[in-house]
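Below: one structure, written as structure tokens.
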Amino acid sequence: VKAADEAGDSMFALSVLLQWWLSLRSIDVRGEFIPGTATEGGIKRKGAVWRDGLTWDMISPDLCRITKVISKTARHDPRPATFDITPLADLRHRLSQVPAEKRIGPVILRRNGAPYDRHDYADAWRKYADAAGVPKEIQCRDLRAGAINDALAKGASPLQAQHAAGHASFDTTQIYIRGRDTSAAEVISLRARTPAQQ
């Protein structure tokens with residue numbers, strides 16, 4: 001976020017914060033271009049239509065709530081997820097910096113005013129990640145796993161983490177959970193403190 005801000009790319013910084021705080025996939029923030037038909041409306045690029053990204057109509061006028069159908073889970077659960085972003089002052093401030101007359105269509109746009117495709121977004125991520133000293137093996141998709149693990153480390157229950165991630169089952173959430181070695185070390189430490197072990 002800081003590297004993007006320093007480069008004057010406030011929209012990319014905003015996209016990273018949205019992914020982090022809402023535990024979203026980048027597609028649900030930046031959108032994606034998928035094959036479309038000639039009669040289909042919307043933003044087009046090379047015969048593909050932009051879909052699934054965050055749009056301004058999903059954000060309440062007071063910038064306190066985001067309501068969005070999550071792309072990957074839409075087939076089995078078409079209900080929109082509602083995110084209360086009231087506690088996220090920096091995120092709300094960044095959203096408020098977009099003039100009201102420009103709050104239409106996709107929220108996250110490249111500097112040229114067009115939505116990102118996955119390649120543009122991956123390139124921007126790597127550029128700013130390199131500038132920030134983020135190791136090469138850390139990819140943009142790791143933000144979601146990081147957000148889920150951060151929530152658990154801060155005391156969220158497994159069920160809360162599952163709901164925050166929008167997963168239909170905890171089995172899916174478990175794929176994202178890191179830190180097995182840390183958990184194992186904590187269990188050893190807890191067990192070593194029991195009277196029987198003393």
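For a quick check of your reading of the model, give me the residue pairs whose first member lies in the range 31-54 and is without any contact (Cβ under 8 Å) to a residue 12 or more places away in the chain, whose second is part of a loop (DSSP other than H, G, I, E, B) and open to solvent by less than 80 Å² (accessible area, probe 1.4 Å), with beta-carbon atoms closer than 7 Å and at least 6 apart or on different chains.
LYS44/GLY36
Among the residues of the range 39-73, which ones are in a loop (DSSP other than H, G, I, E, B) and over 22 Å from VAL16 (Cα atoms)? Before you say what the answer is, go through the steps one by one.
First pass over the range 39-73, keeping only residues in a loop (DSSP other than H, G, I, E, B): 39-43, 46-47, 52-54, 60-64, 69-73.
The answer is THR39, GLU40, GLY41, GLY42, ILE43, LYS46, GLY47.
Could you check ARG144 against (1) out of contact with any strand residue (DSSP E or B) (no Cβ under 8 Å at 6 or more places or on another chain); (2) assigned to a loop (DSSP other than H, G, I, E, B); (3) not β-branched (Val, Ile, Thr) and say which number it fails?
Here ARG144 meets the rest and fails (2).
Output the residues belonging to the range 117-141 that are buried (at least 16 other Cβ atoms within 10 Å of the Cβ), in contact with a Lys or Arg (Cβ under 9 Å, 6 or more places away or on another chain) and under 15 Å from LEU17 (Cβ atoms).
TYR121, ALA124, TYR128, ALA129, CYS140
What pairs can you find where one residue is in the range 1-21 and in contact (Cβ under 8 Å) with a residue 12 or more places away in the chain, the other is assigned to a helix (DSSP H, G or I) and of a type in the set (Lys, Arg), and their Cβ atoms are less than 6 Å apart, with a gap of 6+ or different chains?
Listed by first residue and then by second, the contacts come to LEU14/ARG94; SER15/ARG30.
Output the number of residues of the range 27-52 satisfying the condition of being of a type outside the set (Lys, Arg) and surrounded by 13 or more Cβ atoms within 10 Å (Cβ to Cβ). Break it down into steps so the answer makes sense when it comes.
Let us first name the residues in the range 27-52 that are of a type outside the set (Lys, Arg), namely 27-29, 31-43, 47-50, 52.
Next, only the ones that are surrounded by 13 or more Cβ atoms within 10 Å (Cβ to Cβ) stay: 27-29, 31-33, 36, 43, 48-50, 52.
The qualifying residues number 12.
Taking the stated definitions as given, is ARG94 more than 24 Å from HIS119 (Cβ to Cβ), out of contact with any Lys or Arg (no Cβ under 9 Å at 6 or more places or on another chain) and open to solvent by 20 Å² or more (accessible area, probe 1.4 Å)?
Numbers: more than 24 Å from HIS119 (Cβ to Cβ): yes; out of contact with any Lys or Arg (no Cβ under 9 Å at 6 or more places or on another chain): yes; open to solvent by 20 Å² or more (accessible area, probe 1.4 Å): yes.
So ARG94 passes the test.
Of everything in the range 53-77 that's surrounded by 13 or more Cβ atoms within 10 Å (Cβ to Cβ) and of a type in the set (Lys, Arg), which residue is nearest to PRO106 (Cα to Cα)?
Looking at the filtered set, the residue picked out is LYS68.
Mind checking whether some residue in the range 171-193 is at pLDDT below 85 and in contact with a Phe, Trp or Tyr (Cβ under 9 Å, 6 or more places away or on another chain)?
Step one: filter the range 171-193 for residues at pLDDT below 85, giving 171-193.
When the remaining residues are screened for being in contact with a Phe, Trp or Tyr (Cβ under 9 Å, 6 or more places away or on another chain), the result is none.
The answer is no; no qualifying residue exists.
The values are calculated or read from the model by the stated rules, or taken from the named source; none is laboratory data. Here the structure is a predicted model, which is why all the values come from computation and not from measurement. For neighbour counting, all protein chains shown are included, and Cβ atoms are generated from backbone atoms with ideal geometry for every residue, glycine included. We work out accessible area using only protein heavy atoms, side chains counted, and drop any ligands, DNA or RNA first. Shrake-Rupley method; radii C 1.70, N 1.55, O 1.52, S 1.80 Å.
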